[in-house]
Amino acid sequence: MTIEQLKKSGSIIFESISGSRAYGLDTATSDTDIRGVFILPKEHYYSLNYISQINNETNDITYYELNKFLELLSKNNPNIMELLNMPDQCILYKHPIFDTIKKEHFLSKLCKNTFANYAFTQIKKARGLNKKIVNPVAKERKSVEDFCYVRDGKQSVLFNNFVSKNTLDLNSFGLAKLPHMKDCYNLFYNKSLNYKGIARANANEVCLSPVPKSELPIAVLYFNVNGYSTYCKKYKEYWDWVDKRNEERYKSNISHSKNYDAKNMMHTFRLLHMAQEIGLDNKINVRRSNRDYLLSIKNAEFEYDELVENAESIKENLDLIYEKSSLMEKPNFNLVNSLAFQIRDSFYNNKAE
């Protein structure tokens, strides 16, 4: 089912602007995110065609089926809990049946961990970007030869340096396994024999050659397999990230020379402050009163280490706040289960009339 088909089905019971525009943190370049809830048509729900979520390709628009919505609410998922507390000006549509889903049925001490843990995933993302910005990986991919070393006298030298130093032909090398020595090989050189070189193009391992018994090795070669494997993983992760990254956001991040994702850090503090407010006041404030402070983080007006230290301090303080909080420990599963049935049954019966 597509979003267009969902809208035509009349199954949507809630629809709201979400994200930065709901938080009051939007700027001139901010996208408009839409989140909503729907009740799957009866013929789909009672068949094998159950659909739990419908979204567009960029996930800017996402609708959750009632069961998934209530399940995530029961886990106090931050993004989903926000939908029960949206500012009126953000709500695009609300079916009367949606009002039977009361926030007091779900708000619990689980928020301490769900909001804080989600916040710290943003720090991990910021750290990950920091590593990628500071340690870029060259576009030209290294080869197996770049991780091979040759014993030259009392030293080990890179195979490529050994070749250059002795003005040797890459295609005239042959390799044979050296028994009882892991990742070590006898290295042979002979222009008149049909050797294959030590590695083929785009290969991920060394290449062995048939070597006559009369041949003597010119050196011992070691292939750093673990080093090569680690490099390949890092190369793929980096260039996959380059292909998928938001270029405008990336340019913004590197322009402030702080080498972290400032937007992720802003959301870290938004979530931590929301967790504090939930524990102290038993409510979720989607619209942020500290807009200027959060935008100053987004504008990278703080050092990375300072932000991480402040975030960790807030997280530690949450233990004391939630210990004293009057919130229930977790939502009542039986109540939520009953609510799911009542809402769906009522919706289907009204549709049939």
Determine whether segment 315-328 contains at least one residue that is within 25 Å of L25 (Cβ to Cβ), assigned to a loop (DSSP other than H, G, I, E, B) and out of contact with any His (no Cβ under 9 Å at 6 or more places or on another chain).
no
Which is basic (K, R), surrounded by 12 or more Cβ atoms within 10 Å (Cβ to Cβ), more than 30 Å from T29 (Cβ to Cβ) and modelled with pLDDT under 90, of K234, K258, K177?
K234
Regarding segment 10-20, can at least one residue be identified that is surrounded by fewer than 17 Cβ atoms within 10 Å (Cβ to Cβ), assigned by TED's automatic domain parsing to the domain that holds H95 and among the hydroxyl-bearing types (S, T, Y)?
no
So which residues in segment 45-90 are over 19 Å from the mean Cα position of the chain (by Cα), surrounded by fewer than 18 Cβ atoms within 10 Å (Cβ to Cβ), farther than 18 Å from S20 by Cα and among the acidic types (D, E), if there are any at all?
E71
Suppose we keep only residues that are hydroxyl-bearing (S, T, Y) and part of a strand (DSSP E or B) within segment 176-222. Which one would you say is nearest to the chain's Cα centre (by Cα)?
Y222
Selected residue [on the phi > 0 side of the Ramachandran plot, surrounded by 13 or more Cβ atoms within 10 Å (Cβ to Cβ) and not assigned by TED's automatic domain parsing to the domain that holds A22] from A300, A311:
A300
Filter segment 206-235 down to the residues that are touching a residue at least 60 places away in the same chain (Cβ under 8 Å) and among the charged types (D, E, K, R) and list them by number.
K234
Enumerate the pairs (first residue in segment 11-27 and in contact (Cβ under 8 Å) with a residue 12 or more places away in the chain; second residue anywhere and in a strand (DSSP E or B) and among the basic types (K, R)) with beta-carbon separation below 7 Å, excluding pairs fewer than 6 apart on the same chain, so at least 6 apart or on different chains.
F14/K94; S16/R35; S18/R35
It is to be established whether one or more residues within segment 223-230 are touching a helix residue (DSSP H, G or I) at 6+ places or on another chain (Cβ under 8 Å), part of a loop (DSSP other than H, G, I, E, B) and either modelled with pLDDT under 90 or surrounded by 10 or more Cβ atoms within 10 Å (Cβ to Cβ) (or both).
yes
Answer residue from segment 281-301, given it is assigned to a loop (DSSP other than H, G, I, E, B) and of a type in the set (A, V, I, L, M) and is modelled with the lowest pLDDT among those:
A300
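The values are calculated or read from the model by the stated rules, or taken from the named source; none is laboratory data. As the structure is a computational prediction, the values presented were derived from the model and not from experiment. Neighbour counts are summed over all protein chains in view; Cβ atoms, including those assigned to glycine, are modelled from backbone coordinates with ideal geometry.
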